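Notes follow the structure.
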Amino acid sequence: MPVEPPPHPWAFPPPRPGDDLVAVGADLSPATLLGAYRAGLFPMPLDAPGPGCLLGWWSPEERGVLPLDGLRVSRSLARSCRRFQTRVDTAFAEVVEACADARRPQGWITDDIRDAYVELHRLGWAHSVEAWTPDGELAGGLYGVAVGGLFAGESMFHRHTDASKVALVSLVALLRRGGASLLDVQWRTPHLASLGVVAIPREEYRRLLAEALERPLPAAFGGP
């Protein structure tokens with residue numbers, strides 16, 4: 001089971017109408033991160049990643065979520081699912097490192113963010129789902145935070161075609177099997193929309209979040 005860290009000293013303000021940004025500053029301690037997710041927030045730098053960049057805490061007015069019964073699996077993706085083996089938490093740090101690759105466009109994962117999620121993983125809260133080739137190469141994956149019936153997706157990457165999508169297919173199956181109810185992807189992008197992601201109002205998200213937090217953690221992520 002995950003280890004609950006000591007309380008954090010921060011008080012996140014309520015979201016303001018018309019603004020996705022809720023707060024600036026604080027820290028990336030495990031307690032702060034968990035408090036943010038439980039309040040419907042997630043961290044992301046305000047400016048280009050690097051030393052001294054400002055940390056923002058976000059709660060989009062239109063939140064991207066993937067309904068667990070709404071994942072779109074095309075025929076080509078179904079074929080790709082047969083090409084890879086999926087695993088959970090066997091290469092968490094490597095997945096985060098790949099997602100943080102500075103060569104990726106619009107990269108936002110700083111060294112501090114990477115280290116913070118590795119520590120959250122050590123405590124049992126952050127998890128990776130990985131796609132592997134038959135010869136043992138990490139082909140793609142994703143990582144995020146599991147709290148009760150919430151999985152808050154943070155980032156994904158691929159080195160082989162469809163590998164990150166295969167990891168997503170596996171994640172959805174694990175969440176459904178484990179009784180989870182909410183897969184948060186932060187914002188709805190055209191790419192994510194093609195997989196079934198929808199945008200819902202912030203208040204609807206907060207209602208679904210409160211319900212999800214009452215559910216048990218899926219067994220795949222350390223639950224009963």
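Readers should treat all values here as calculations from the given coordinates under stated rules, not as data from a laboratory. Predicted model only: the values in this text are computed from it and were never measured. Every residue, glycine as well, gets a Cβ built from its backbone with ideal geometry; the counts of neighbours run over all protein chains shown.
The table that follows gives values for the structure above.
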| item | result |
| --- | --- |
| Principal axis dimensions, largest first and in whole angstrom, of the range 98-164 by Cα | 31, 25, 18 |
| About the Cα centre, charge dipole magnitude for the chain (Lys/Arg +1, Asp/Glu -1 at Cβ), debye | 900 |
| The range 77-130 - Rg and Dmax from Cα coordinates, angstrom | 13.1, 37 |
| Kirkwood hydrodynamic radius of the range 120-206, Cα pairs, Å | 13.8 |
| Selection from 18, 77, 93, by position along the positive dipole direction of the chain (Cβ) | 77 |
| At R0 = 25 Å, FRET efficiency that the Cβ-Cβ distance of residue 137 and residue 114 yields, to 0.05 | 0.70 |
| Segment residue 200-residue 74, extension gain: residue separation times 0.36 nm, minus the distance between their alpha carbons | 43.0 nm |
| Cα radius of gyration and Dmax for the range 2-132 (Å) | 16.8, 49 |
| Estimated translational D of the range 1-64 in µm²/s (Stokes, Kirkwood radius over Cα pairs; 20 °C; 1.002 mPa s) | 170 |
| Gain in span if fully extended, residue 27 to residue 83, counting 0.36 nm per residue against the direct Cα distance | 16.1 nm |
| Computed [θ] at 222 nm, helices only, for the chain once each DSSP H run of length n ≥ 4 contributes -39500 (n - 2.57) | -8500 deg cm²/dmol |
| Kirkwood Rh, angstrom, the range 63-221 [1 / mean 1/r, Cα pairs] | 15.8 |
| Relative contact order of the chain, pairs being alpha-carbon contacts under 8 Å that are 6 or more residues apart, as % | 24 |
| Cβ-Cβ FRET estimate between residue 1 and residue 94, R0 fixed at 25 Å, reported to 0.05 | 0.55 |
